[in-house]
Amino acid sequence: MNNQNNSNRIRLQKYLASCGVASRRKAEELIASGQVSVNNEVITEMGYTVGAKDVIKVNGKLITKESKKYYVINKPRNIISAVTDDLNRTTVIDILPNEIKQERLFPVGRLDYDTKGILLITNDGDFMNALVGPRSGIEKEYLVRINGIVTKKELTVFEKGMTIKGKKLLPALAEIESVDRKNNSSLIRIILTEGKYHQVKEMFAAINHSVKRLTRVRFGCIEINGLKEGQIRELSPHEIKALIGLAKKDKILKKDKVENYRVY
Ligand code: URA
C-alpha cells in the first residue's frame with residue numbers, strides 16, 4: 001500500500017487515462033493483468049496512487065503526461081465528425097494538418113455529415129464530457145436554410161419546447177433572418193441548449209419544412225467568424241476557461257441573456 005495522504009497523488013488508472021493510454025476501465029484491466037509498473041514494481045492494486053516523481057510504465061513503455069490540446073475547426077460539409085468511420089468516409093481528423101493529427105484528438109460532440117461549421121476538437125476527455133453532457137446547457141447557434149416560407153408564428157412552438165418522437169425538447173430561440181420568395185426558401189437563426197441527434201432537422205420537419213443547409217455558427221462563446229471552411233485554430237486559455245464556466249452554469253435560455261454568453 002503506498003502513501004495516499006498526499007493530495008497531489010491520483011489513482012493509477014486515472015493517471016493512465018489522463019495520459020491517453022486507455023479509458024479508465026481499460027486502464028483498470030491493464031493494472032489487474034499485471035501490465036503496469038510503478039518505479040519498476042508491478043502494481044495490480046486498484047487503489048494505488050501515483051505522484052509527479054513516479055516512473056510509470058505499461059508493458060515496459062514509459063508513460064508521460066499528454067499535454068492537453070483544444071482546437072476549433074470550421075468543419076466543411078461531407079466530412080464525418082468522428083475519429084474513424086466504418087464506411088471509410090473522410091473524418092474531421094483526416095483533414096487536420098499532419099503535426100496536429102499526432103495528438104490523438106477527438107471531436108467534442110457531433111455535427112451531421114452534411115452540416116458545416118463550428119466543431120471543437122480536443123484530447124481532453126473531461127473537457128468533452130463537461131461540454132457535451134445533457135446538462136451542460138451550452139448554447140449552440142445555427143443558421144438554417146429551409147424549404148418554404150416560414151412565419152414567425154410557426155417558430156413559436158420552438159420557444160415553448162416541443163415534443164418530438166415522445167421526447168420533450170428544451171425551449172429554443174428562433175428568428176427569421178430572411179425569406180427568398182423567388183426560390184421558396186427561408187433563412188432561420190436558431191439557438192439550442194442541447195444536442196439531440198438530428199435535432200434541428202427534426203424540429204423543422206415537425207413544422208413541415210425540410211432543411212436544405214445547416215451551419216453551426218457558434219458553440220458557447222466560440223464563433224465561426226474569421227475561420228474559413230476547413231480551417232483550424234487553437235483555443236486560447238481564456239476561451240477554454242470561459243467554455244468550462246459556461247458548461248457549469250445552470251441556464252435558462254432567455255432572449256435578453258443570449259449576448260452574455262459571448263466572450264471577447
Ligand atoms: N442538428 C442537426 O439536425 N444536425 C446537426 O448536425 C446539428 C444539429
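The values are calculated or read from the model by the stated rules, or taken from the named source; none is laboratory data. Because the structure is a prediction, the values reported are computed rather than measured. Neighbour counts are summed over all protein chains in view; Cβ atoms, including those assigned to glycine, are modelled from backbone coordinates with ideal geometry. The accessibility values were calculated without ligands, DNA or RNA, using every heavy atom of the protein model including side chains. Shrake-Rupley method; radii C 1.70, N 1.55, O 1.52, S 1.80 Å.
Pick from ALA174, ALA242: which is modelled with pLDDT of 95 or more and open to solvent by less than 80 Å² (accessible area, probe 1.4 Å)?
Only one candidate qualifies: ALA174.
Evaluate the stretch 190-197: report whether one residue or more is open to solvent by 60 Å² or more (accessible area, probe 1.4 Å) and away from the ligand (no atom under 11 Å from the Cβ).
Step one: filter the stretch 190-197 for residues open to solvent by 60 Å² or more (accessible area, probe 1.4 Å), giving 195-197.
When the remaining residues are screened for being away from the ligand (no atom under 11 Å from the Cβ), the result is none.
For the stretch 190-197, residues open to solvent by 60 Å² or more (accessible area, probe 1.4 Å) and away from the ligand (no atom under 11 Å from the Cβ): absent.
Among the residues in the stretch 34-48, are any more than 30 Å from HIS238 (Cα to Cα), touching a strand residue (DSSP E or B) at 6+ places or on another chain (Cβ under 6 Å) and loosely packed, with under 14 Cβ neighbours inside 10 Å?
Yes.
Name the single residue that is farthest from LEU192 (Cα to Cα) among those in the stretch 132-145 being surrounded by 22 or more Cβ atoms within 10 Å (Cβ to Cβ) and of a type in the set (A, V, I, L, M, F, W, C).
Looking at the filtered set, the residue picked out is VAL144.
Let me spell it out: the conditions are (1) more than 28 Å from PHE106 (Cβ to Cβ); (2) at pLDDT below 85; (3) open to solvent by 60 Å² or more (accessible area, probe 1.4 Å), and ASN2 meets all of them except one. Which number is the exception?
Condition (3) is where ASN2 drops out.
Have a look at ILE73, ILE63 and point out the one that is open to solvent by less than 30 Å² (accessible area, probe 1.4 Å), aliphatic (A, V, I, L, M), touching a Leu at 6+ places or on another chain (Cβ under 8 Å) and modelled with pLDDT under 95.
On the way: ILE73 fails: modelled with pLDDT under 95.
Of ILE73, ILE63, the one residue that is open to solvent by less than 30 Å² (accessible area, probe 1.4 Å), aliphatic (A, V, I, L, M), touching a Leu at 6+ places or on another chain (Cβ under 8 Å) and modelled with pLDDT under 95 is ILE63.
Go through the stretch 209-249 and count every residue that is part of a loop (DSSP other than H, G, I, E, B), within 16 Å of the ligand (Cβ to nearest atom) and of a type in the set (S, T, N, Q).
Keep residues of the stretch 209-249 that are part of a loop (DSSP other than H, G, I, E, B), which gives 209-210, 220-221, 224-231, 235-236, 249.
Subsequent filtering for residues that are within 16 Å of the ligand (Cβ to nearest atom) retains 209-210, 220, 224, 229.
Still in the list and also of a type in the set (S, T, N, Q): 210.
Within the stretch 209-249, residues that are part of a loop (DSSP other than H, G, I, E, B), within 16 Å of the ligand (Cβ to nearest atom) and of a type in the set (S, T, N, Q) number 1.
Quick one: would you say GLY148 is of a type in the set (Gly, Ala, Ser), closer than 24 Å to PHE204 by Cα, within 13 Å of the ligand (Cβ to nearest atom) and at pLDDT 95 or above? Break it down into steps so the answer makes sense when it comes.
Values: of a type in the set (Gly, Ala, Ser): yes; closer than 24 Å to PHE204 by Cα: yes; within 13 Å of the ligand (Cβ to nearest atom): no; at pLDDT 95 or above: yes.
The answer is no for GLY148.
Condition first: open to solvent by 10 Å² or more (accessible area, probe 1.4 Å) and within 9 Å of the chain's Cα centre (by Cα). Now tell me which residues in the stretch 106-126 satisfy that.
PHE106, PRO107, GLY109, ARG110
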